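Some notes on the structure that comes next.
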């Protein structure tokens with residue numbers, strides 16, 4: 001894992017959780033963190049390129065003994081790679097680069113945990129996963145459908161990522177949705193895609209079971225942090241009121257991990273605000289919790 005990855009010049013590299021060497025070596029770790037500081041297609045507030053670094057820095061304050069699982073999740077091993085150097089020739093080239101690095105990590109039988117950065121790069125991860133899991137299903141937590149055919153003259157814009165993924169993997173379950181265009185509405189209606197809209201989730205207590213039932217045996221989880229409510233996650237590029245709460249999100253993620261095989265996940269679109277670090281810590285805690293849930297069976 002050397003040629004594609006590096007720590008940025010002038011940045012003191014931390015590993016996730018400030019783990020000692022015996023718990024963070026690549027060879028012996030169950031989970032591998034891939035930071036991808038890329039946000040070239042951001043359309044509202046730029047800055048998600050700083051997200052991976054902020055999450056890793058905040059993770060040093062996360063208690064390693066999990067209060068829910070009642071164990072130290074880090075004992076399973078969490079390795080942190082250097083930041084993936086952005087390819088600035090365009091999002092298609094960056095997606096290809098992410099795919100190649102993801103394929104290498106998956107070949108080593110690691111659980112890949114990707115920190116963004118913008119959501120467009122999820123396509124490269126899914127492309128690599130489909131080579132190993134052709135029956136893959138995707139759980140998307142997001143405020144937006146991300147189903148546009150193109151946006152700002154690019155079919156690889158972050159607003160198009162799930163449209164591109166749907167073209168190669170049609171088992172997609174979208175949760176927390178509360179903002180979309182007419183174009184997207186007509187597309188999902190024509191395709192028979194039925195998202196879990198935030199308003200309907202608010203009115204029901206059984207949506208967790210319904211989400212799990214729609215997923216196949218092998219699941220990849222992609223989390224755009226704007227899927228969470230801005231009251232707990234204000235530092236995102238495109239905030240949208242009415243999102244998911246902390247415990248509702250954890251309940252869903254744990255249920256999925258207990259009933260399915262989670263083969264990896266990403267946490268995208270943190271846009272750090274230096275005057276409010278709560279979002280950084282919340283994102284880091286979410287990553288650690290999900291590593292804990294997803295590696296229980298391992």
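The table that follows gives values for the structure above.
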{"item": "Selection status of residue 179, more than 23 Å from residue 294 (Cα to Cα), surrounded by 23 or more Cβ atoms within 10 Å (Cβ to Cβ) and either out of contact with any helix residue (DSSP H, G or I) (no Cβ under 7 Å at 6 or more places or on another chain) or at pLDDT below 95 (or both)", "result": "no"}
{"item": "Cβ pairs under 6 Å, 6+ apart, first in region 268-287 and without any contact (Cβ under 8 Å) to a residue 40 or more places away in the chain, second crowded, with 20+ Cβ neighbours inside 10 Å", "result": "273/235"}
{"item": "Selection count where residues are on the phi > 0 side of the Ramachandran plot, crowded, with 22+ Cβ neighbours inside 10 Å and at pLDDT below 95, scope region 116-164", "result": "1"}
{"item": "Residue 47 being within 23 Å of residue 238 (Cα to Cα), surrounded by fewer than 20 Cβ atoms within 10 Å (Cβ to Cβ) and in contact (Cβ under 8 Å) with a residue 12 or more places away in the chain", "result": "yes"}
{"item": "Residue match in region 199-214 (condition: within 20 Å of residue 119 (Cβ to Cβ) and buried (at least 23 other Cβ atoms within 10 Å of the Cβ))", "result": "no"}
{"item": "Criterion (within 25 Å of residue 124 (Cβ to Cβ), part of a loop (DSSP other than H, G, I, E, B) and at pLDDT 85 or above) met by exactly one of 44, 38", "result": "38"}
{"item": "Scan of region 64-90 for residues that are touching a helix residue (DSSP H, G or I) at 6+ places or on another chain (Cβ under 9 Å) and part of a loop (DSSP other than H, G, I, E, B), ordered by number", "result": "64, 68, 69, 77, 81, 83, 85, 86, 87, 88"}
{"item": "All positions within region 162-211 that are within 17 Å of residue 126 (Cβ to Cβ) and assigned to a helix (DSSP H, G or I)", "result": "162, 163, 164, 165, 166"}
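Each row is one residue, and each column tells you yes or no for (1) in a helix (DSSP H, G or I); (2) in contact with a helix residue (DSSP H, G or I) (Cβ under 6 Å, 6 or more places away or on another chain); (3) free of Cβ contacts under 8 Å to residues at least 12 places away in the same chain; (4) within 25 Å of residue 286 (Cα to Cα).
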{"position": "92", "(1), (2), (3), (4)": "yes, no, no, no"}
{"position": "97", "(1), (2), (3), (4)": "yes, no, no, no"}
{"position": "103", "(1), (2), (3), (4)": "yes, yes, no, yes"}
{"position": "112", "(1), (2), (3), (4)": "no, yes, no, yes"}
{"position": "115", "(1), (2), (3), (4)": "no, yes, no, yes"}
{"position": "123", "(1), (2), (3), (4)": "yes, yes, no, yes"}
{"position": "128", "(1), (2), (3), (4)": "yes, yes, no, yes"}
{"position": "135", "(1), (2), (3), (4)": "no, no, no, no"}
{"position": "148", "(1), (2), (3), (4)": "no, yes, no, no"}
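Here's the yes/no breakdown for (1) out of contact with any strand residue (DSSP E or B) (no Cβ under 9 Å at 6 or more places or on another chain); (2) more than 14 Å from residue 175 (Cα to Cα); (3) at pLDDT 95 or above; (4) buried (at least 23 other Cβ atoms within 10 Å of the Cβ):
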position: 225; (1), (2), (3), (4): no, no, yes, yes
position: 229; (1), (2), (3), (4): no, no, yes, no
position: 247; (1), (2), (3), (4): yes, yes, yes, no
position: 258; (1), (2), (3), (4): yes, yes, yes, no
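The values are calculated or read from the model by the stated rules, or taken from the named source; none is laboratory data. Quantities reported herein were computed from a predicted structural model and do not represent experimental measurements. Note that each Cβ is placed from the backbone with ideal geometry, even for glycine, and that neighbours are counted across all protein chains shown.
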